[in-house]
Amino acid sequence: MRILVTGGAGFIGSALVRRLVLQEQTEAVLVVDKLTYAGERRSLRDCEGKPGFGFLQADIADAEAMAKAFAEFRPDAVMHLAAESHVDRSIAGAAPFIHTNIVGTFTLLEAARAYWNALPAEQRAGFRFLHISTDEVFGSLGATGLFTETTPYSPRSPYSASKAGSDHLVAAWHETYGLPTLMTNCSNNYGPFHFPEKLIPLTILNALDGKALPVYGKGENVRDWLFVEDHVAALITVLRRGKVGETYNVGGNSERQNIQVVQAICDTLDRLRPDAAGPHRRLISFVADRPGHDARYAIDASKLKRELGWEPAENFESGLEKTIRWYLDNSWWWQPLRERVYSGERIGLLAEPAKAAS
């Protein structure tokens with residue numbers, strides 16, 4: 001297959017591209033990435049120069065650039081991962097999320113539809129557009145229950161609202177125009193090459209630097225953690241064998257409270273990289289909670305297992321150890337980001353409202 005991957009220099013996208021180029025029998029892969037602060041071409045260094053690998057720096061909201069990419073690359077499939085994805089950044093400023101996640105997805109869908117409509121019948125029948133989304137579109141769960149593919153949408157942040165909008169566009173383009181789309185909604189990813197603003201890499205790197213490890217609120221918010229290599233295996237499975245028009249949830253079967261995640265990182269680092277100053281748990285610091293912080297996410301991925309045979313290969317403990325070992329061994333990748341792009345500061349706090357004049 002010839003696969004166009006948007007957001008292929010991002011965390012999940014680069015893991016997908018590395019697998020497609022280095023492990024799978026993929027004829028050609030074209031990465032389309034704007035290279036924003038979280039897009040890191042160095043994540044693709046092992047793919048550079050490999051047969052069939054190409055890179056296009058472009059904004060998916062640029063209609064002319066997208067039309068040209070389709071016309072010149074001639075993909076058999078699109079795997080759409082390009083998105084602004086950090087909840088805290090969406091709270092601080094929502095405009096980039098609306099631009100990329102909604103306008104960008106619309107623009108890409110239109111480019112794909114025009115290209116698909118012009119294909120010969122056999123190629124047209126085999127074309128696929130896989131949209132990768134998040135479980136955050138479903139809102140917040142209580143102490144029990146799981147998100148399924150039919151859970152009503154209830155986004156709570158500018159990020160999740162923008163992703164919900166993109167999901168609805170993809171579904172509408174299938175129903176209205178017949179575009180052969182597929183969709184996945186995944187739980188929280190973690191693993192190598194994860195930009196250091198997210199909980200797990202931020203905790204690892206702050207701990208290595210002896211800095212405070214911020215935990216929002218009481219640390220009781222629950223997430224289902226999915227190792228990124230398991231996720232990309234699921235995406236390839238859905239692309240190859242999924243039923244057009246269907247949505248598949250992808251989860252790691254690894255629910256943990258945020259405080260449990262931070263404590264597990266501390267304990268693993270105590271074993272792998274002991275700190276002479278004492279156990280890493282001493283660095284944990286509880287801070288003001290994120291505005292609108294969803295209490296719990298949990299994915300029911302039984303449809304994906306039942307219909308397509310996928311299930312995660314890693315549990316949380318094995319995946320976390322692999323992740324921590326990678327960060328210990330690969331400062332070449334994260335150190336420049338900590339120095340030039342993001343050093344660990346808090347993002348997403350709301351400004352205090354102005355006081356009325358007395």
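Remarks
- Flag if F97 is at pLDDT 95 or above, closer than 29 Å to G242 by Cα, of a type in the set (F, W, Y) and surrounded by fewer than 21 Cβ atoms within 10 Å (Cβ to Cβ): no
- For region 181-231, filtered to residues that are within 14 Å of the chain's Cα centre (by Cα), in a strand (DSSP E or B) and among the hydroxyl-bearing types (S, T, Y), the residue that is farthest from F129 (Cα to Cα) is Y190.
- Scan region 14-53 for residues that are out of contact with any Asp or Glu (no Cβ under 7 Å at 6 or more places or on another chain) and closer than 16 Å to D230 by Cα and the total you get is 7.
- Filter result (in a loop (DSSP other than H, G, I, E, B) and surrounded by 14 or more Cβ atoms within 10 Å (Cβ to Cβ)) within region 108-129: L119, F127
- Close pairs (6 angstrom Cβ cut-off, 6 or more residues apart or separate chains): over 15 Å from C186 (Cα atoms) in region 149-169, among the polar types (S, T, N, Q) anywhere: S157/S90; P158/S90; S162/N101; L169/T105
- Flag if G178 is surrounded by fewer than 19 Cβ atoms within 10 Å (Cβ to Cβ), free of Cβ contacts under 8 Å to residues at least 60 places away in the same chain, more than 14 Å from the chain's Cα centre (by Cα) and over 20 Å from D294 (Cβ atoms): yes
- Consider region 130-140 and keep the residues that are surrounded by 18 or more Cβ atoms within 10 Å (Cβ to Cβ) and touching a residue at least 60 places away in the same chain (Cβ under 8 Å). The one that is nearest to A112 (Cα to Cα) is L130.
- For F53: the one exception among (1) crowded, with 16+ Cβ neighbours inside 10 Å; (2) under 26 Å from Y159 (Cα atoms): (2)
The values are calculated or read from the model by the stated rules, or taken from the named source; none is laboratory data. Keep in mind it's a predicted model, so treat the numbers as computed, not measured. Note that each Cβ is placed from the backbone with ideal geometry, even for glycine, and that neighbours are counted across all protein chains shown.
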